[in-house]
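To start, the structure under review is shown below, and the notes come after it.
Every number here is computed from the coordinates shown, using simple stated rules; none is lab data. The structure presented is a predicted model; accordingly, all values stated were derived computationally and were not measured. No Cβ is skipped: glycine too gets one built from the backbone with ideal geometry, and neighbour counts run over all protein chains shown.
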Amino acid sequence: MDLHHLRVFAAVFKKRSFSRASEELLLSQPTVSDHIKSLEEDLGCRLFDRLGRNIIPTSEAEALYHLVCEIMEKVESIREIAGRAGGEPAGELVIGASTIPGTYLLPPVMMDFKRLNPGVFFKIEIADSRETVQKILSQDLLIGIVGSKQFSHQLNYTQFVDDEIVAVASPKLSIKNRVSLDELLSYPMICREEGSGTRKEFERYLELHGKSSDKIKILGYFGSTDALKQAVKSGAGTAVISRFAVAEDLKHGTLKLIRVSGNEIRRQFYVVTHKKRTLPALHTAFLAFLRTSL
């Protein structure tokens with residue numbers, strides 16, 4: 001049985017798509033299909049039912065997936081042991097992260113860690129907080145960094161770094177530098193999608209101040225922070241966003257800060273792990289480095 005076939009199988013299972021798996025693995029779609037066909041022949045069972053463009057895992061695939069995940073973890077452990085024998089951590093380090101930490105916090109830290117440990121290969125999977133946590137629960141990820149908690153007895157959350165959510169607008173928008181919460185809500189607002197930690201924290205802030213999220217005059221939703229910022233810069237409306245995401249924009253004057261009278265909107269970013277998963281030494285070393293870097 002070829003380990004590469006198993007790795008391809010795991011990618012197809014997670015993505016529920018040959019084409020998306022091929023993009024993740026940097027392989028052609030026919031190559032991915034050939035690997036799955038070879039594995040099915042080797043095992044003597046069908047792993048996926050093809051229904052047009054959709055694929056559905058069979059019961060055999062459902063049972064196989066968790067075993068394959070364990071095998072892949074053991075393979076990475078072997079690589080780590082070999083790396084430590086060579087005097088430095090080595091192997092693939094996959095981290096899930098919500099938009100703000102994944103875009104603005106992790107990249108420089110990861111590059112610093114890699115400079116110290118050239119044998120490490122990084123991959124950051126960016127999604128919203130809810131999706132990242134779901135990947136931890138489904139055991140598709142070992143570590144996630146998120147901006148909001150989803151309660152589960154299966155998860156461990158560790159405080160990582162403090163963040164402030166601020167209101168911003170285009171300098172060309174006629175709005176005071178300091179406003180009341182009611183005044184802020186009177187302006188059209190551009191929002192992140194449901195599942196965004198930033199949006200969830202702002203809605204919680206409104207609730208604490210006796211305001212309904214229904215009072216937000218939502219102009220539109222954006223699935224990325226950069227798209228949201230571009231819309232705000234056009235003068236379309238205001239937005240609430242992580243200070244990390246707009247630090248450069250505030251510095252260069254392409255966005256202006258709007259202070260809201262009352263308490264600041266603060267939140268924590270968290271490192272989230274599964275209680276029943278043992279982190280490999282490489283992941284543990286990176287987390288230790290991460291906590292001393294920010």
Around LEU39 (Cβ within 14 Å, Cβ-to-Cβ, excluding LEU39; K/R +1, D/E -1) the net charge comes to -3
Express the Stokes-Einstein translational diffusion coefficient of the stretch 104-238 in µm² s⁻¹, to the nearest whole number, given a Kirkwood radius over alpha-carbon pairs, 20 °C and a viscosity of 1.002 mPa s.
124 µm²/s
Return the FRET efficiency for the residue pair TYR221, ILE71: r is the Cβ-Cβ distance, R0 is 35 Å, and the value is rounded to the nearest 0.05.
0.30
Among the listed pairs LYS123/LYS251; LYS172/LYS217; LYS14/LYS233; LYS37/LYS114, which have their C-alpha atoms separated by more than 26 angstrom in this model?
LYS123/LYS251; LYS14/LYS233; LYS37/LYS114
The stretch 163-266: antiparallel DSSP beta bridges as a percent of all, rounded to 5
55 percent
Be a star and scan the stretch 116-153 for residues whose amide nitrogen sits under 13 Å from the point 7 Å along the Cα-to-Cβ vector of VAL161.
145-147
Using only Cα atoms, locate the centre of the stretch 203-224 and the centre of the stretch 232-266, then give the distance between them in Å, rounded to an integer.
16 Å
Helix 197-208 vs. the chain, principal-axis angle (Cα, 0 to 90°, nearest 10)
40 degrees
Separation of the LEU43 and THR278 label points, Cα + 7 Å toward Cβ, nm
2.6 nm
Count the net charge of all other residues whose Cβ sits under 12 Å from the Cβ of GLY223, scoring Lys and Arg as +1 and Asp and Glu as -1.
-3
Spin-label model distance (nm) - GLU207 vs PHE151, 7 Å beyond Cα toward Cβ
1.1 nm
Sorted by mean Cβ packing within 10 Å, highest first, what order do the peptides 11-20, 256-265 take?
11-20, 256-265
Please work out which option in [x] 18.4, 57; [y] 18.1, 53; [z] 22.2, 69 gives Rg and Dmax of the Cα atoms in Å calculated from these coordinates, and answer with its label.
[z]
With everything on Cα atoms, drop me the angle between helix 59-85 and the longest principal axis of the chain, reported from 0 to 90° to the nearest 10.
90 degrees
Checking the cross-link filter: which lysines have an alpha carbon closer than 20 Å to that of LYS275, excluding same-chain neighbours under 8 positions apart?
LYS74, LYS135, LYS149
Extend 7 Å from the Cα of GLU193 along its Cα-to-C-beta direction; within the stretch 100-137, residues with backbone N under 20 Å of that point are 100-104, 124-137
Acute angle (nearest 10 degrees) that the helix 281-293 long axis makes with the longest principal axis of the chain, alpha-carbon atoms:
20 degrees
Cut-off under 5 Å, modelled amide H: who pairs with SER17 long-range
none
LYS215: which aspartates and glutamates have alpha carbons under 15 Å from its alpha carbon, excluding same-chain residues fewer than 8 sequence positions away?
ASP182, GLU183, GLU203, GLU207
Which ³J(HN,Hα) values, rounded to whole Hz and listed in residue order, are derived for the stretch 117-127 from phi using the Karplus coefficients 6.51, -1.76 and 1.60 in 6.51 cos²θ - 1.76 cosθ + 1.60 with θ = phi - 60°, glycine and proline given as x?
9, x, x, 8, 10, 9, 8, 9, 9, 9, 8
